Amino acid sequence: MAESPAAEAIILQGAVGGGLVPHLSGLQPPGTSHLTTSSVWDPTASADWDNERASAQCVLRIKRDIMSIYKEPPPGMFVVPDPHDMTKIHALITGPFDTPYEGGFFLFLFRCPPDYPIHPPRVKLMTTGNNTVRFNPNFYRNGKVCLSILGTWTGPAWSPAQSLSSVLISIQSLMTENPYHNEPGFEQVMDLLLLSDAVTPDSALYICPLFILRKDIRETARTTMSAFVTRP
């Protein structure tokens, strides 16, 4: 006998709470840590770096990374170093075509550690409407960017062979037509739902938060970016 939508929701909730779908932790309130990722991520609150002088290798590598971007700029990406601190880089990423982000301008602040590129930079999304807008599962309202190479998400870790350009490209790659597909565990959740005798493809749309929120995030992105563009 098929269960009611309410019962189906309880089934899914039990699966998530029981650890069968651990990656749905990405739907928890913005600013919370994910699994074993670093809790120190904010370039504007990096007191642990304030008293350390950037190494000569760090400064040289930052200059090299920036010049590489100037010479061969990735599409829709622009960077400029802070005039008072070379380790701070201001970046602009434009929303890719044919996505909810098209026409949007997204400002990010990078800060490289004193031993860069041994460790990754810290990155913050500054375009959040004063911490009111969450554009993406990987971009929180407080500006946190969840990306494995930044140490703020699980997955492949940073290596010194990577650069500011590779971080920019990785961030832009999250701005997709269906941003909630970026949520780790998305396919596992749908497989779990559709393999259950109590769940049909139609009812899955009602009890899977990823589908419920996908429309909301698309509309929020469009309306908020429109306000930014038309603001005098």
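The values are calculated or read from the model by the stated rules, or taken from the named source; none is laboratory data. As the structure is a computational prediction, the values presented were derived from the model and not from experiment. Cβ coordinates were reconstructed from backbone atoms using ideal geometry, including for glycine residues, and neighbour counts include every protein chain displayed.
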Some residue of the stretch 153-164 being of a type in the set (Gly, Ala, Ser), at pLDDT below 85 and either outside any helix (DSSP H, G or I) or more than 12 Å from the chain's Cα centre (by Cα) (or both): no
Of all residues making up the stretch 93-127, the number that are hydroxyl-bearing (Ser, Thr, Tyr) and within 17 Å of Leu150 (Cβ to Cβ): 1
Close pairs from the stretch 121-134: first under 15 Å from Phe108 (Cβ atoms) and hydroxyl-bearing (Ser, Thr, Tyr), partner modelled with pLDDT of 90 or more and in a loop (DSSP other than H, G, I, E, B), Cβ under 6 Å, at least 6 apart: Thr128/Arg141; Thr128/Gly143
Within the stretch 91-113, considering residues that are surrounded by fewer than 18 Cβ atoms within 10 Å (Cβ to Cβ), touching a Ser or Thr at 6+ places or on another chain (Cβ under 7 Å) and not hydroxyl-bearing (Ser, Thr, Tyr), the one nearest to Ser55 (Cα to Cα): Leu107
Neighbours by Cβ (under 7 Å, 6+ apart or cross-chain): first from the stretch 140-159, among the small types (Gly, Ala, Ser); second modelled with pLDDT under 95 and assigned to a helix (DSSP H, G or I): Gly155/Ser148; Ala157/Ser148
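In this structure, does Ala9 turn out to be modelled with pLDDT under 95, surrounded by 15 or more Cβ atoms within 10 Å (Cβ to Cβ) and either over 25 Å from the mean Cα position of the chain (by Cα) or of a type outside the set (Gly, Ala, Ser) (or both)? Full working, then the answer.
Values: modelled with pLDDT under 95: yes; surrounded by 15 or more Cβ atoms within 10 Å (Cβ to Cβ): yes; either over 25 Å from the mean Cα position of the chain (by Cα) or of a type outside the set (Gly, Ala, Ser) (or both): yes.
Spelling it out, Ala9 is indeed modelled with pLDDT under 95, surrounded by 15 or more Cβ atoms within 10 Å (Cβ to Cβ) and either over 25 Å from the mean Cα position of the chain (by Cα) or of a type outside the set (Gly, Ala, Ser) (or both).
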Tally, over the stretch 166-190, of residues that are surrounded by fewer than 22 Cβ atoms within 10 Å (Cβ to Cβ), at pLDDT 75 or above and either among the aliphatic types (A, V, I, L, M) or part of a helix (DSSP H, G or I) (or both): 6
Of all residues in the stretch 108-130 being among the β-branched types (Val, Ile, Thr) and in contact with a strand residue (DSSP E or B) (Cβ under 9 Å, 6 or more places away or on another chain), the one that is nearest to Pro160 (Cα to Cα): Val123
